[in-house]
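The values are calculated or read from the model by the stated rules, or taken from the named source; none is laboratory data. Given the structure is predicted, the values throughout are model-derived calculations rather than measurements. Every residue, glycine as well, gets a Cβ built from its backbone with ideal geometry; the counts of neighbours run over all protein chains shown.
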Amino acid sequence: MATISYSPPLSLLCSLLLLLLLLHIPLLFTSVAASPPCKNPPIIFNFGDSNSDTGGLVAGLGFPVNLPNGRTFFRRTTGRLSDGRLIIDFLCQSLNASLLSPYLDSLGGSRFTNGANFAIVGSSTLPKYVPFALNIQVMQFLHFKARTLELITTNVAGSRHYINDEGFRNALYMIDIGQNDIADSFSKNNLSYAQVIKRIPSVIAEIQDAVKALYDQGGRKFWIHNTGPLGCLPQKLALVQNKDLDPNGCISSYNDAAKFFNEGLRRLCERMRSQLTDATIVYVDIFSIKYDLIANAKKHGFNSPLMACCGSGGPPYNYNSKVTCGQPGYQVCLEGSRFISWDGIHYTEAANRMAASKILSTAYSSPPTTFDSFCRD
């Protein structure tokens with residue numbers, strides 16, 4: 001019998017492939033929906049400075065943070081130094097977790113069942129025992145924990161909703177501090193580059209003490225950010241005289257000091273992983289993320305990467321220490337989404353969103369760790 005070969009027309013093959021794809025689309029969506037993000041978000045305690053302060057400065061000192069801060073997402077001022085959300089807000093939202101309330105905000109309505117934020121604008125590790133140095137933030141946490149467990153023990157009304165001892169043990173402890181130590185060493189203390197470098201080991205030691213104190217309290221999960229490129233902040237660029245600029249227009253000495261700090265912090269995290277039994281310690285390279293945003297601004301959709309959206313003075317930096325964002329005489333850009341810097345020091349929501357996305361990719365964390373691995377599912 002003769003064999004008859006048949007080659008269907010290309011149009012028919014395309015039609016069959018399209019039909020098969022359409023039949024499987026519901027299955028594809030079902031597969032995605034079957035893996036919902038984080039049913040039980042982790043309890044989070046955060047320690048740091050203005051990069052992660054969600055309103056602590058206003059709550060603690062009554063310091064005014066006026067509009068246009070908060071204009072993009074919250075439509076009102078929340079104490080955040082940005083036009084909208086911070087990196088920590090995006091990280092919380094990625095876990096379907098509530099945004100962290102400032103520890104000092106007694107009128108915020110939070111019962112702190114999801115954790116608390118101890119970060120305060122302007123905080124550093126040194127000098128110790130000043131509001132609100134890192135060791136003070138840790139002391140506040142210790143008080144918060146002791147008081148919470150006491151209320152649970154005495155069965156105070158509503159205490160069944162409070163964080164119990166297991167909750168404190170399984171919580172995620174985040175630390176994002178060090179920027180002000182380096183910046184203040186240059187500006188307020190007028191130290192030379194060599195003197196700033198000499199001071200950095202003391203800063204690293206304070207972070208180590210903080211982690212060990214939290215570990216001794218039962219904490220086992222730590223998420224630690226290094227510091228960003230200080231030399232690219234419009235504030236520094238506007239105020240520093242005799243700038244040694246790199247090819248992207250940032251101050252080399254400031255960034256080199258930040259890199260030195262970051263390397264010390266990275267090594268500390270490596271040591272603590274071997275020293276602290278059962279501890280998960282993730283080091284996140286914020287510097288590389290933020291510097292990439294600046295060096296490749298146009299690729300990321302940003303204009304004028306070294307110019308503040310909100311401030312005064314106009315190009316090239318739009319920063320004047322006498323007329324800062326929200327104070328009489330300030331000027332603000334129409335599209336914050338086109339700017340990296342919000343007020344010359346802090347980032348716009350758009351830049352924070354992109355930075356958070358890069359963090360969540362695990363490409364900048366050591367060891368590579370998915371943020372949702374901290375979920376309590």
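Values for this structure:
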| quantity | calculated |
| --- | --- |
| Residue selected from the stretch 164-201 under the condition of a type in the set (S, T, N, Q) and touching a residue at least 12 places away in the same chain (Cβ under 8 Å), by the criterion surrounded by the fewest Cβ atoms within 10 Å (Cβ to Cβ) | 164 |
| Some residue of the stretch 287-298 being without any contact (Cβ under 8 Å) to a residue 60 or more places away in the chain, farther than 21 Å from residue 177 by Cβ and among the β-branched types (Val, Ile, Thr) | no |
| Only listed residue being surrounded by fewer than 17 Cβ atoms within 10 Å (Cβ to Cβ), modelled with pLDDT of 95 or more and farther than 29 Å from residue 172 by Cβ, chosen from 334, 306 | 334 |
| Whichever residue in the stretch 36-51 is in contact with an Asp or Glu (Cβ under 6 Å, 6 or more places away or on another chain) and not small (Gly, Ala, Ser) and, among such residues, is surrounded by the fewest Cβ atoms within 10 Å (Cβ to Cβ) | 39 |
| Residue in the stretch 279-299 that is of a type in the set (Asp, Glu), crowded, with 17+ Cβ neighbours inside 10 Å and over 19 Å from residue 124 (Cβ atoms) present | yes |
| Inter-residue pairs, beta-carbon under 8 Å, first free of Cβ contacts under 8 Å to residues at least 24 places away in the same chain and on the phi > 0 side of the Ramachandran plot and in the stretch 358-377, second in a loop (DSSP other than H, G, I, E, B) and among the β-branched types (Val, Ile, Thr), 6+ apart | 362/369; 362/370 |
| Helices (runs of 4 or more DSSP H) enclosed by the stretch 100-192 - at least 3 residues per element that are at pLDDT 95 or above and touching a Leu at 6+ places or on another chain (Cβ under 7 Å) | 179-187 |
| Search result, residues across the stretch 316-326 that are surrounded by fewer than 14 Cβ atoms within 10 Å (Cβ to Cβ) and more than 14 Å from residue 233 (Cα to Cα) | 322 |
